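Take a look at the structure below.
Quick note: the coordinates plus some simple rules give every number you see, no bench work behind them. Just so it is clear, the model here is predicted, and its values are computed rather than measured. Heads up, the Cβs are rebuilt from the backbone with ideal geometry, glycines too, and the neighbour counts pull from every protein chain shown.
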């Protein structure tokens, strides 16, 4: 985001990101059980969708398709998001095949490639037009949600309701976008979808998001 904000690749125009792995099939596991919220979109598709929301914000239109397996969860999901000024994101997730798990942010003057596995990156590559690639390396020493936990503890110590790095509004936008994508793709969880029209308490005026 610092490279983008500095104008290093010019105006971002499109984004491509994937996250896929081959999971051992178990109809009762959290990955393949419909009643446990299984499927590729909610397990790993959230990461590419997160990146698109981070870079471009909320889309103006959504196209999505899913491959529904024999346990009625999406085993693969493809997503095309369109934004103002003809910007777009092409996203893919899977729990039945291993993908490159890379992310590309394409700008007018270059590209940022977040190298595999991009959701837990230790490097990214800046590819600018007519210039040699430039690599950036940084430490990633976590095998879980360490950074999130540290930020939660920082917020608690400082008695703040939400992180400036990741607000309640952003989290709500992300979950709402995932819901819109799965409805477009025909991904359903019958035991939960009947509650989909209930108003979130975080949108109630009684709750402060500041």
Residues 159, 131 in order from fewest to most other beta-carbon atoms within 10 Å are 159, 131
If you take every DSSP beta bridge whose two residues both sit in the chain, what share of them, in percent to the nearest 5, is antiparallel? 85 percent
Find the relative contact order for the stretch 2-190 and round it to a whole percent, using C-alpha pairs within less than 8 Å whose residues are 6+ positions apart. 25 percent
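Give me 52, 94 sorted ascending by neighbouring Cβ count inside 10 Å, so fewest comes first.
In order of increasing Cβ crowding within 10 Å: 94, 52.
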Quick note on 136, 19, ordering by fewest other C-beta atoms within 10 Å, gives 136, 19
Anisotropy class of the stretch 50-208 from Cα gyration tensor, a/c 1.5 cut: oblate
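Which FRET efficiency value, to the nearest 0.05, is calculated for residue 72 and residue 147 with the Förster distance at 30 angstrom and r the Cβ-Cβ distance?
0.30
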